[in-house]
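Structure first, commentary second.
The values are calculated or read from the model by the stated rules, or taken from the named source; none is laboratory data. Since we're looking at a predicted model, the values are computed, not measured. All Cβ positions, glycine included, derive from the backbone under ideal geometry; neighbour counts span all protein chains shown.
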Amino acid sequence: MMQLQGLSKAYAGKPAIVDLSLTVHNDEYLTLLGPSGSGKSTLLRLVAGLERPDAGRIFLDGEDLTPRPPHKRGLGFVQQSYALFPHMSVFENVAFGLKNRAVNPIEDAGQLRRKVEEILELVGLSELGSRGVGQISGGQRQRVSLARTLVTEPSVCLLDEPLGALDANLRERMTVELRRIRSTLGVTFLHVTGNEAEALAMGDRMIVLDRGRAIQIASPDGVFNTPETVEVAKYINSYNILTGETREGRFLHGAAGLAMPAGVADAASYVVRHDAVSVLAPGAAPPDCGAGLEARFIASEFMGSRVLYFFQGTEGEILQVESHLSTADPVTYQSGEVRTLAWDIDEVLAFDASGRRIKQPPAQGAH
Amino acid sequence: MEQAAPSVEAPRDTAAPVKERFFTRNKHFLLLAPGVLWMVLFLIIPLAMMVYVSFWTQTTFAIKPELTTKSWETFFSSDTYLGALVRTLRLWLTVLAITFIIGYPTALFIGQFVRNKTVQTVLLVACVIPFWTSFLIRVLAWRPMLGKEGAINIVLSDLGIISTPIESLLFTELSVVIGMVQIYVVFMVGPIAFMLARIDDALIESARDLGASAWTIFRKVIFPLSLPGVIVGAIFVSVMVLGEFATASALSGRKVNLLGNIILTQVGSLKWAFAAVAGVILTIVMAVVITGLLRVVNLRREL
């Protein structure tokens, strides 16, 4: 179990990580979602020991790691650029840590070979041990980088945007692979990413980082369905966020007054998921338990199993409507056509002026 | 109709463009021509001439194009000339070793420890500042430094470290080595610093993270990756030191004769055949040295 307590780090007075505390359990896949500049790479570098924190401590199984140099921490760090040694073969790269580590290196050539071959097999590169790292593909390089770290049996493996440099096809395959490799070895992964889909799909738990602070730590399901703050809702990239103010039980967004979920007052942001919005037929009124907003159609995007429709509201904001083709056929709208977008008010999340979610009575889960 | 059209045009198509295609196809050779011409005129022909002349017959005042191996026999049976060859090789190895020992740490500092690119450039330019004065002045400036009443002896005796001046500082092989190292060390620093600065920090961080100590990282990652720089530096230094004559004569009082000095004196006394022999030998030595150095790393792959 790894604990971070009150970690802070600033670069030239600019805070990168602010008073961050976090517990990482054994044998878990933890994803860390943050936009660029949120301090996610800094956090990894602090944990790995490549940077020193200004304040705070890092404990691993009760031992204080903070004063230790990187090579004595027993953690693994998979660099975003893979950072393979260009003058060594795949085998030599993977063997590097075992052979050259300051603590307890493996001298016996047979044992070394066995361990390296085992891990190469796990990542599916058994045949490539003798290749130079310049002679393998990007996806293979990533596996070598992963194998090189995992073979040293780190207690926590830190991955800095491990899928960032892969093309979409490979990215999807590696998503499954990473989870399989992790559960086979039972090692804890701390996976940093800027991609919300990746963070949601891969993590047992996920952390959302914003301007150096952890703004939500929960299961992907929890983060997705009940974002703690409006920033989280923004990073999940599945919510329409309307700003305005509450007056007399209605949410005023521009000229429109939207119905509010019961028991909510003082909302400053009114948030509804892309797939909870539907486009009404011309002339139809929103149902009694719903709310509606007029918007102009801009474009649609066919995604295979679903269609995204983009509308522009009266305040210039973009509203997305996501329709799954299993429930509805794609519809063609005229460009500039004005339609009413409607949703069930039970689907609405409200956030106060400071961005915190306003707790709602549990009527929400009724559907 | 559509099918007939190409066959009508076909003969015209093949006749005219053949000539044109020959030029298009071989245009790149045209680009090569000036370079090749230059190299043939000023490298290949002179080299061949040098080998040819080394077999000419040399008399005291004349040289005749009658082939003989006499000059070669003289060279290899004379202690003076063989001694010069051995001395050249010894001096070359000494200077090469010292420039590496001084140059590598300097380059390591500039390439790895200085994080700011501008400061790196400033430091590298600072290494070149001595070149703003002429070569001969730089060499001769060592005389008042190393001499019997030179700066070093004065400082040492004033400090009470020595009572009588050290005479072996000047006009010895030592002074030649000192002079050459000072002049050529920068050619070692430059290429190495360049290679070191190109090493991705992520590699060193990864090595640290994998548990390697600083010394292991240097041995297994940093040094191997800087090796192409070392080889390029070594080639620069070797080529210049092996052909040296000015530093040797200026700082040894003509006591240390290198192959370069021999060529100079032989040419001065119009012994062309003999100078050619020394020249051929020097060329062969350089070729062997460069080939050997290039064997160490595959420069084409590394750079």
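Among the numbered criteria (1) surrounded by fewer than 21 Cβ atoms within 10 Å (Cβ to Cβ); (2) in contact (Cβ under 8 Å) with a residue 12 or more places away in the chain; (3) closer than 21 Å to A:Ser36 by Cβ; (4) among the charged types (D, E, K, R), which one does A:Arg205 miss?
Tallying (1) surrounded by fewer than 21 Cβ atoms within 10 Å (Cβ to Cβ); (2) in contact (Cβ under 8 Å) with a residue 12 or more places away in the chain; (3) closer than 21 Å to A:Ser36 by Cβ; (4) among the charged types (D, E, K, R), A:Arg205 fails exactly one: (3).
Could you tell me which of the residues B:Ala151, B:Ala97, B:Ala141, B:Ala84 is modelled with pLDDT of 95 or more and surrounded by 11 or more Cβ atoms within 10 Å (Cβ to Cβ)?
Details: B:Ala151 fails: modelled with pLDDT of 95 or more; B:Ala141 fails: modelled with pLDDT of 95 or more; B:Ala84 fails: modelled with pLDDT of 95 or more.
Exactly one residue qualifies, and that residue is B:Ala97.
Which residue is surrounded by the most Cβ atoms within 10 Å (Cβ to Cβ), if the candidates are limited to the stretch A:67-83 and must be within 26 Å of A:Leu185 (Cα to Cα) and without any contact (Cβ under 8 Å) to a residue 24 or more places away in the chain?
Residues of the stretch A:67-83 that are within 26 Å of A:Leu185 (Cα to Cα), as a first pass: A:68-83.
In the following step, the residues that additionally are without any contact (Cβ under 8 Å) to a residue 24 or more places away in the chain were identified as A:68-70.
Details: A:Arg68: 15, A:Pro69: 12, A:Pro70: 23.
Result: A:Pro70.
Only residues that are without any contact (Cβ under 8 Å) to a residue 40 or more places away in the chain and among the acidic types (Asp, Glu): list them for the stretch A:219-266, please.
Within the stretch A:219-266, A:Asp221, A:Glu245, A:Glu248 meet the criteria.
I need every pair where a residue in the stretch A:313-333 that is at pLDDT below 85 has its Cβ under 6 Å from the Cβ of a residue that is surrounded by 14 or more Cβ atoms within 10 Å (Cβ to Cβ), sequence separation at least 6 or different chains.
A:Thr314/A:Gly254; A:Glu315/A:Gly254; A:Pro330/A:Val307
Picking from A:Val94, A:Val103, A:Val90, A:Val78, which residue would you name as being of a type in the set (Val, Ile, Thr), within 14 Å of another protein chain (Cβ to nearest Cβ) and touching a Leu at 6+ places or on another chain (Cβ under 6 Å)?
Step by step, each of A:Val94, A:Val103, A:Val90, A:Val78 is checked, and only A:Val78 is of a type in the set (Val, Ile, Thr), within 14 Å of another protein chain (Cβ to nearest Cβ) and touching a Leu at 6+ places or on another chain (Cβ under 6 Å).
Given the condition surrounded by 11 or more Cβ atoms within 10 Å (Cβ to Cβ), β-branched (Val, Ile, Thr) and out of contact with any strand residue (DSSP E or B) (no Cβ under 7 Å at 6 or more places or on another chain), answer yes or no: does some residue in the stretch B:53-62 qualify?
Quick first cut of the stretch B:53-62, residues surrounded by 11 or more Cβ atoms within 10 Å (Cβ to Cβ) only: B:53-58.
Applying the additional criterion that residues be β-branched (Val, Ile, Thr) yields B:53, B:57.
From the residues that got through so far, the ones that are out of contact with any strand residue (DSSP E or B) (no Cβ under 7 Å at 6 or more places or on another chain) too are B:53.
Within the stretch B:53-62 (the criterion being surrounded by 11 or more Cβ atoms within 10 Å (Cβ to Cβ), β-branched (Val, Ile, Thr) and out of contact with any strand residue (DSSP E or B) (no Cβ under 7 Å at 6 or more places or on another chain)), the answer is yes, since at least one residue qualifies.
Condition check: among the hydrophobic types (A, V, I, L, M, F, W, C), surrounded by 20 or more Cβ atoms within 10 Å (Cβ to Cβ), within 27 Å of B:Leu251 (Cβ to Cβ) and more than 14 Å from chain A (Cβ to nearest Cβ). Does B:Ile161 satisfy that?
Working: among the hydrophobic types (A, V, I, L, M, F, W, C): yes; surrounded by 20 or more Cβ atoms within 10 Å (Cβ to Cβ): no; within 27 Å of B:Leu251 (Cβ to Cβ): yes; more than 14 Å from chain A (Cβ to nearest Cβ): yes.
Criteria not met by B:Ile161.
Tell me, please, whether a residue that is within 24 Å of A:Asp19 (Cα to Cα), crowded, with 18+ Cβ neighbours inside 10 Å and charged (D, E, K, R) can be found in the stretch A:258-280.
Initially, the stretch A:258-280 is screened for residues within 24 Å of A:Asp19 (Cα to Cα), giving none.
Within the stretch A:258-280 (the criterion being within 24 Å of A:Asp19 (Cα to Cα), crowded, with 18+ Cβ neighbours inside 10 Å and charged (D, E, K, R)), the answer is no, since none of the residues qualifies.
Among the residues of the stretch A:77-87, are any of a type outside the set (Val, Ile, Thr) and not in a loop (DSSP other than H, G, I, E, B)?
Of the residues in the stretch A:77-87, the ones of a type outside the set (Val, Ile, Thr) are A:77, A:79-87.
Next cut, not in a loop (DSSP other than H, G, I, E, B) only: A:77.
The answer is yes, given that some residue of the stretch A:77-87 is of a type outside the set (Val, Ile, Thr) and not in a loop (DSSP other than H, G, I, E, B).
For residues that are of a type in the set (Gly, Ala, Ser) and free of Cβ contacts under 8 Å to residues at least 60 places away in the same chain, scanning just the stretch B:237-272, find the one that is nearest to B:Thr59 (Cα to Cα).
So, considering only residues that are of a type in the set (Gly, Ala, Ser) and free of Cβ contacts under 8 Å to residues at least 60 places away in the same chain, the one nearest to B:Thr59 (Cα to Cα) is B:Ser269.
Considering only residues of the stretch A:85-107 that are out of contact with any strand residue (DSSP E or B) (no Cβ under 8 Å at 6 or more places or on another chain) and polar (S, T, N, Q), which is nearest to B:Ile217 (Cα to Cα)?
By that ranking, first place goes to A:Asn93.
Would you please name the residue that is nearest to the other protein chains (Cβ to nearest Cβ), looking only at residues in the stretch A:43-69 that are basic (Lys, Arg) and part of a loop (DSSP other than H, G, I, E, B)? Explain how you work it out, then say what you get.
Quick first cut of the stretch A:43-69, residues basic (Lys, Arg) only: A:45, A:52, A:57, A:68.
Among the residues that remain, those that are also part of a loop (DSSP other than H, G, I, E, B) are: A:52, A:68.
On the way: A:Arg52: 14, A:Arg68: 12 Å.
Looking at the filtered set, the residue picked out is A:Arg68.
Checking the conditions here, which among B:Ala197, B:Ala234 is closer than 22 Å to B:Leu93 by Cα, away from chain A (no Cβ under 14 Å) and touching a residue at least 24 places away in the same chain (Cβ under 8 Å)?
Numbers: B:Ala197 fails: closer than 22 Å to B:Leu93 by Cα.
Going through B:Ala197, B:Ala234 in turn, the sole match is B:Ala234.
Which residue out of B:Ala234, B:Ala250, B:Ala202 is modelled with pLDDT of 95 or more and among the small types (Gly, Ala, Ser)?
Details: B:Ala250 fails: modelled with pLDDT of 95 or more; B:Ala202 fails: modelled with pLDDT of 95 or more.
None of the others qualify; the one that does is B:Ala234.
Mind checking whether some residue in the stretch B:88-104 is among the aromatic types (Phe, Trp, Tyr) and closer than 14 Å to B:Pro191 by Cα? Break it down stepwise before answering.
The initial filter retains those residues of the stretch B:88-104 that are among the aromatic types (Phe, Trp, Tyr), namely B:92, B:100, B:104.
Pick out the ones that are also closer than 14 Å to B:Pro191 by Cα and you get B:100, B:104.
Yes, because at least one residue in the stretch B:88-104 is among the aromatic types (Phe, Trp, Tyr) and closer than 14 Å to B:Pro191 by Cα.
Within the group A:Lys9, A:Lys72, A:Lys40, which residue is within 13 Å of another protein chain (Cβ to nearest Cβ) and not hydroxyl-bearing (Ser, Thr, Tyr)? Break it down into steps so the answer makes sense when it comes.
Working: A:Lys9 fails: within 13 Å of another protein chain (Cβ to nearest Cβ); A:Lys40 fails: within 13 Å of another protein chain (Cβ to nearest Cβ).
Unique residue meeting the criteria: A:Lys72.
Yes or no, residue by residue, for (1) at positive phi; (2) among the hydrophobic types (A, V, I, L, M, F, W, C):
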residue	(1), (2)
A:Ile17	no, yes
A:Leu32	no, yes
A:Gly39	yes, no
A:Ala55	no, yes
A:Arg68	no, no
A:Gly76	no, no
A:Gln79	no, no
A:Ala83	yes, yes
A:Gly97	no, no
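Cβ-Cβ under 7 Å, sequence separation 6+ or interchain: first residue in the stretch B:203-226 and more than 16 Å from A:Pro69 (Cβ to Cβ) and facing chain A (nearest Cβ under 7 Å), partner surrounded by fewer than 21 Cβ atoms within 10 Å (Cβ to Cβ) and of a type in the set (S, T, N, Q). Which pairs?
Note: pairs meeting the criteria are B:Lys220/A:Asn100.
Looking at the stretch A:116-125, can you tell me whether even one residue there is within 14 Å of chain B (Cβ to nearest Cβ), more than 23 Å from the chain's Cα centre (by Cα) and in contact (Cβ under 8 Å) with a residue 24 or more places away in the chain?
Filtering the stretch A:116-125 down to residues within 14 Å of chain B (Cβ to nearest Cβ) leaves A:116, A:119.
Okay, now just the ones that are also more than 23 Å from the chain's Cα centre (by Cα), so A:116, A:119.
Subset that is in contact (Cβ under 8 Å) with a residue 24 or more places away in the chain: A:116, A:119.
Yes: one or more hits.
Condition check: in contact with a strand residue (DSSP E or B) (Cβ under 6 Å, 6 or more places away or on another chain), more than 16 Å from A:Ala199 (Cα to Cα) and of a type in the set (A, V, I, L, M, F, W, C). Does A:Val156 satisfy that? First the steps, then the outcome.
Details: in contact with a strand residue (DSSP E or B) (Cβ under 6 Å, 6 or more places away or on another chain): yes; more than 16 Å from A:Ala199 (Cα to Cα): yes; of a type in the set (A, V, I, L, M, F, W, C): yes.
Taking the combined requirement at face value, the residue satisfies it.
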